[in-house]
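Below is one structure, written out as structure tokens, with a few remarks after it.
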Amino acid sequence: MVETIFDKIIAGDLPADKVYEDENVLAFRDINPQAPIHILVVPKKKVKDFIEIQHNDTTQTGIFFNAVSKVASVMGLEESGYRIVLNCGKNGQQTVEYLHAHILGERKMNWPPG
Ligand code: 5GP
């Protein structure tokens, strides 16, 4: 797999504005925020994209989604709500080939998405 910016952030070779970390995930602010709160959650054990999830251990997947939910709560978004985005592949406009969930909050989201 190609080394991405998120590999470097997890390795500590690139700085990031971290908001949460445990043994399984790292969460940090997006460099180009699309909402007042815009967090990226990445699994420390690399997964390339959402397509790969179907081949993975469900425990690993469950741990990731539990952590995404926890990070949203840590950011104080439980009451107001938030949006989770998982861009996948070319049409999904995924730009970093390392699975990541976007947590967007503190503004009302639009639907349908662009
Ligand atoms: P994607 O388009 O792959 O779903 O999302 C990648 C996200 O990573 C984008 O929202 C982009 O702003 C963010 N990003 C790209 N490079 C960096 C970086 O070096 N640091 C941080 N914190 N975010 C980045």
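Shown here for the stretch 57-114: trypsin sites (Lys or Arg not before Pro) in loop regions (DSSP other than H, G, I, E, B) with at most 15 other Cβ atoms within 10 Å, namely Lys90, Arg107, Lys108. With distances taken between every two different alpha-carbon atoms, the chain has a Kirkwood hydrodynamic radius of 14.5 Å.
Computed from Cα atoms, the angle from the helix 58-74 axis to the main principal axis of the chain rounds to 30 degrees.
Once you sort the root eigenvalues of the Cα gyration tensor of the stretch 5-48 as a ≥ b ≥ c, which label holds: rounded (a/c under 1.5), prolate (a/b larger than b/c) or oblate (the other case)? Judged from the Cα gyration tensor, the stretch 5-48 comes out prolate (a/c at least 1.5, a/b above b/c).
With runs of 4+ DSSP H residues as the only contributors, calculate the mean residue ellipticity of the chain at 222 nm using -39,500 (n - 2.57) per run, divided by the residue total and rounded to the nearest 500.
On the way: 3 runs with 28 residues, N = 114.
My calculation for the chain gives -7000 deg cm²/dmol from helical runs alone.
Entry note, the chain: relative contact order of 31 percent, from Cα contacts under 8 Å with a spacing of 6+ residues. Annotation for Gln34 and Lys8: the two label points, set 7 Å from Cα along the Cα-Cβ direction, are 2.3 nm apart. Start at zero, step by 10 Å, and the Cα-Cα distances of the stretch 49-88 spread as 25, 48, 24, 3 percent across the bins. Projecting the Cα positions of His100, Ser80, Val2 onto the charge dipole of the chain (unit charges on Cβ atoms of Lys, Arg, Asp and Glu, taken about the Cα centre) puts Ser80 furthest along the positive direction.
Looking at the stretch 21-78, the GluC sites (Glu not before Pro) that sit in a DSSP loop and have at most 10 other Cβ atoms within 10 Å of their own Cβ are Glu23. With a simple spin-label model that places each label point 7 Å from the Cα along the Cα-to-Cβ direction, the separation between Val85 and Ile63 comes to 2.8 nm. Once the C-beta distance of His55 and Asp17 is scaled by a Förster radius of 30 Å, the resulting FRET efficiency is 0.40 to the nearest 0.05.
In the structure shown, the pairs Lys8/Lys46; Lys45/Lys70; Lys8/Lys45; Lys18/Lys44; Lys44/Lys90 are assessed against 21 Å; a Cα-Cα span above that value is assigned to Lys44/Lys90.
All of the numbers you see were taken from the coordinates with simple rules; none came from a lab. Just so it is clear, the structure is predicted and the values come from calculations on it, not from any experiment. Cβ: placed from backbone, ideal geometry, glycine included. Neighbour counts: every protein chain shown.
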